[in-house]
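Take a look at the structure set out below.
The values are calculated or read from the model by the stated rules, or taken from the named source; none is laboratory data. Everything numeric here is computed off the predicted structure, so don't read it as measured data. So basically every Cβ, Gly included, is an ideal-geometry build from the backbone, and we count neighbours across all protein chains shown. Side chains included, ligands, DNA and RNA excluded: accessible areas come from the protein's heavy atoms. Shrake-Rupley method; radii C 1.70, N 1.55, O 1.52, S 1.80 Å.
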Amino acid sequence: MQFVPSTLIAVFAIVALVGLGMQRGLWAFMVLAPFGAAAAFNLPALGGATIGVLDLGAVTLFCMVLLTRGMMSSLLGTFRPFGPGFWLACAIVVAGISAIFYPVLFAGQTEVFGIARQEGEGRIARYPLGFSTGNITQLFRLVLDFFTFAALATAFRRQSEVRPVLTALAVATTVNFVLGWLDVATAKFGLTALMEWLRSANYSMHITDTMAGMKRMIGGFPEASTFGYFSLGLFGFWLQYWLLAPGSRLSRWMLALATISVIRSTSSAAYLALVVFLVTFGLYLILRNLRAEASRRSIVLVFGGLIMGWVLVIAIAASYELVQPVTDFLDRALFNKMDSDSGVERMSWNTQAMQNFYDTYGLGAGVGAVRASNWLIACLASVGVIGTFFFLAFLASLGMAPSRPGWDPRAVVVKSLKAGCLAMLCAALLTHPTPDFGVFFFALAGLIAGLSRALALESRPAGATTT
């Protein structure tokens, strides 16, 4: 076990989390989320695998649930049949079986794209299927996701106050924004060494990448795409919260910070996912506002947004034709992306992943064995039809999690958390290489499950049995 300077960040956050408790101290967990390139410690014995600061926070959350008196019955209730926890538990079981047995069962019968490590450096390579440390590390990451979901879903299932959730996400949004601009500023003035202690994970760090002459913002993450993915989740949350709580000053500021972070990331994946999310979200709002009880403000926002979007498209099209820097930027970021070496390589990953799915008779090659560039394809190639079904059932149950109509604060936060997950799902469906959405996604999902369950329990008649 190798400790690094960023270990101090994890220690500080965990001490605050344990001291304040899971609800009041939720901010101490979420503050770790923007430090995606910071290691709590590294494991040289496992090929240089990294335990990130957020990973250690996830383990701490779950341990706090296990050690808190009276929490065990609530924890079991989190996995009641056919709820989000039930489907996620089924998916994790299938993932565990796939990681341990499938690479051995189908060894040498198909070739996979995966991460090959040489002298501590990771690179994508194609090789015959076989068991590797990647199966263990990727399964470990899914278990961390499971711990995070279970802990927060359990801790917030009887929570009547949403202020801790808003505070935690505001802290994460602010820290992410600050780290993003520190990254840009230190690069501009040749002071990148000032942020090296935060980039202690054994990942490839794309610190100097540029697009059309502009420094790509990576903040506390190893690359622009992961920074954009995280920022997109924050954007989705604050956009929905701003729409449902129009009087909130916090939502205005946080939405502005999250929007700037997504746009400034210069991540092609984030841009495309942003468009897909906004279209999906806009269609949902239109359908919802077809009801007779739709508020005037919602209708104005929807149709005003459509008009503004149309004007923006015209402005971008004109700039693309007339302004050379804009032309260069959009060509690099979007229009020529699929013809680039990166785009061709990622399409080859998807093609080979689908071949892995066919070669393993729909069972999958095992978690950690396959790398794709699309979450659904990665799921099919890794955990097969059965595991993919359980993951999709989990996502569907999250989307259908109950939320009280009207302006109940918890209902507003639940809907906003769903929007955050939807934004990240849009990005994952376009570019994610593995079935793992990341700890932050499952933190949002756990809060959805917990708060929606609290709303459901409150609506039950007095004296009814609850779990």
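Leaving out ligands and nucleic acids, and using a 1.4 Å probe, what accessible area per residue does segment 25-67 come to in Å²? Could you put the intermediate results ahead of the total?
Details: 1130 Å² over 43 residues.
In whole numbers, segment 25-67 has 26 Å² accessible per residue.
Any idea of the accessible area per residue across segment 163-244, 1.4 Å probe, to the nearest Å²?
Values: 3070 Å² over 82 residues.
For segment 163-244, the solvent-accessible area averages 37 Å² per residue.
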- Note on the structure: The alpha-carbon center of segment 256-285 and that of segment 1-37 are separated, in whole Å, by 28
- Task: Would you please give the residues with an amide H less than 5 Å from that of F221, counting only those at least 5 places away or on a separate chain, with H modeled from the backbone geometry?
- Result: G36, A37
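Work out how much length L250 to V143 would gain on full extension: take 0.36 nm times their residue separation and subtract the Cα-Cα distance, in nm to one decimal.
Working: separation 107, 0.36 × 107 = 38.52 nm, distance 3.35 nm.
Stretched fully, the L250-V143 segment lengthens by 35.2 nm.
How much length is gained if the chain between L105 and M214 is pulled fully straight, taking 0.36 nm per residue apart and subtracting their Cα-Cα distance, in nm to one decimal?
Values: separation 109, 0.36 × 109 = 39.24 nm, distance 4.76 nm.
Once the chain is fully extended between L105 and M214, it gains 34.5 nm.
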- Which loop chymotrypsin sites (Phe, Trp or Tyr not before Pro) in segment 369-453, with loop taken from DSSP, have no more than 16 other Cβ atoms within 10 angstrom of their Cβ? W407
- With a 1.4 Å probe and every protein chain kept in, tell me what percent of the accessible surface of segment 66-114 is carbon plus sulfur. 73
- Item | Under-5 Å amide H pairs with A49, H placed in peptide plane, nonlocal only | L43
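Per residue, how big is the convex hull around the C-alpha atoms of segment 55-104? Give it to me in cubic angstrom, could you? All intermediate terms of the calculation are to be shown ahead of the outcome.
Values: hull volume 4.8 nm³, N = 50.
That works out to 95 Å³ per residue.
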- Ignoring ligands, DNA and RNA, what accessible area per residue does segment 351-461 give at 1.4 Å, in Å²? 31
- Item | Largest-first principal axis extents, alpha carbons of segment 59-218, Å | 54, 52, 27
- Query: Over segment 1-95, with a single point scatterer placed on each C-alpha, what log10 of the ratio I(q)/I(0) does the Debye formula yield at q = 0.10, 0.17, 0.21 1/Å?
  - Reply: -0.34, -0.88, -1.06
- For segment 88-104, Karplus-derived ³J(HN,Hα) couplings (6.51, -1.76, 1.60; θ = phi - 60°; whole Hz; x for glycine and proline) come out as 5, 4, 4, 5, 5, 4, 4, 4, x, 4, 5, 5, 8, 9, 5, x, 7
- Task: Kindly write out, for segment 64-73 in residue order, the coupling ³J(HN,Hα) from the Karplus curve 6.51 cos²θ - 1.76 cosθ + 1.60 (θ = phi - 60°), rounded to whole Hz, with x marking Gly and Pro.
- Result: 5, 5, 5, 8, 8, 4, x, 7, 4, 5
- Query: Using the Karplus equation 6.51 cos²θ - 1.76 cosθ + 1.60 (θ = phi - 60°), what ³J(HN,Hα) coupling, rounded to whole Hz, does each residue of segment 424-441 give in order, writing x for Gly and Pro?
  - Reply: 5, 5, 4, 5, 5, 5, 8, 9, 5, x, 9, x, 7, 6, x, 4, 5, 4
- Heavy-atom accessible area of E196 with all protein chains present, probe 1.4 Å, nearest 10 Å²? 110
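Where the accessible area of segment 208-281 is counted over protein heavy atoms with a 1.4 Å probe, how much of it, in %, is carbon and sulfur? Please report the intermediate quantities before stating the final value.
Working: 1830 of 2590 Å².
The nonpolar share, carbon plus sulfur, comes to 71 percent.
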